[in-house]
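Reading through the structure tokens given below for one structure.
Read-outs: derived from the displayed coordinates by stated rules, not from any lab. Since we're looking at a predicted model, the values are computed, not measured. Here Cβ is always computed from backbone atoms with ideal geometry, including for glycine, and neighbour counts include all displayed protein chains.
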Amino acid sequence: MQLPIEDKHSYSREALYNRIAVLMGGRAAEELIFNTMTTGAGNDIEHATEIARKMICEWGMSEKMGPVTFGKKDEQIFLGREMAVSKNYSEATAVDIDNEIRRVVEDNYNRAKNLLSDNMDSLVRLSQSLIEKENLSGAEVDEIISSRPQAPAPETGIA
């Protein structure tokens with residue numbers, strides 16, 4: 001779970017990539033540990049995709065698509081109708097947007113998977129601690145991640 005440290009109104013592209021990678025971490029861990037996928041990561045995937053969509057369509061944070069916004073928001077809300085977004089771009093651009101959203105999410109999914117794979121011992125220790133305690137504080141998580149597994153004591157042959 002990610003907790004807000006402070007209210008922010010401006011995020012860098014790198015910070016948003018990191019957020020997407022964290023959101024994709026649960027799915028990546030499932031694949032690494034259980035070699036399967038479950039519905040458990042559904043909400044995280046939805047949120048990661050929404051961040052990527054905003055990066056590309058609203059905030060101009062895609063090198064491929066450039067510093068352009070796509071879709072015009074119609075803000076006439078009445079009688080329970082939600083804001084609509086009218087499409088002001090071609091079908092070819094829609095395909096490019098979809099491909100760029102997919103690339104951003106998949107790149108950060110692969111990044112999360114590689115980080116977890118490279119730190120499997122920390123993942124296992126963290127999982128075991130969660131099974132034991134169910135809830136961990138941020139400080140406890142930091143301690144578990146920063147600690148190294150204890151190597152077995154060498155045998156000296158002295159009884």
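I need the phi-derived Karplus couplings for the range 46-55: 6.51 cos²θ - 1.76 cosθ + 1.60, θ = phi - 60°, integer Hz, Gly and Pro marked x.
Working through the residues one at a time gives 4, 5, 4, 5, 5, 4, 4, 4, 5, 4 Hz.
Leu115 to Ser10: FRET efficiency via 1/(1 + (r/R0)^6), r the Cβ-Cβ distance, R0 41 Å, to the nearest 0.05?
Once the sixth-power term is evaluated, E becomes 0.95.
Once you charge only the Cβ atoms, +1 for Lys and Arg and -1 for Asp and Glu, what is the size of the charge dipole of the range 13-119 about its Cα centre, to the nearest 20 debye? Spell out each step's value before the answer.
Numbers: 14 positive and 18 negative charges, 31 e Å.
Roughly 140 debye, rounded to the nearest 20.
Given the pairs Lys54/Lys133; Lys64/Lys113; Lys72/Lys113, which are separated by over 32 angstrom at their Cα positions? Walk me through the intermediate numbers first.
On the way: Lys54/Lys133 37 Å; Lys64/Lys113 24 Å; Lys72/Lys113 35 Å.
From the list (Lys54/Lys133; Lys64/Lys113; Lys72/Lys113), the Cα-Cα distance tops 32 Å for Lys54/Lys133; Lys72/Lys113.
Between Asp107 and Glu50, with labels modelled 7 Å along Cα→Cβ, what's the label distance in nm to one decimal, could you check?
So the two model labels end up 2.3 nm from each other.
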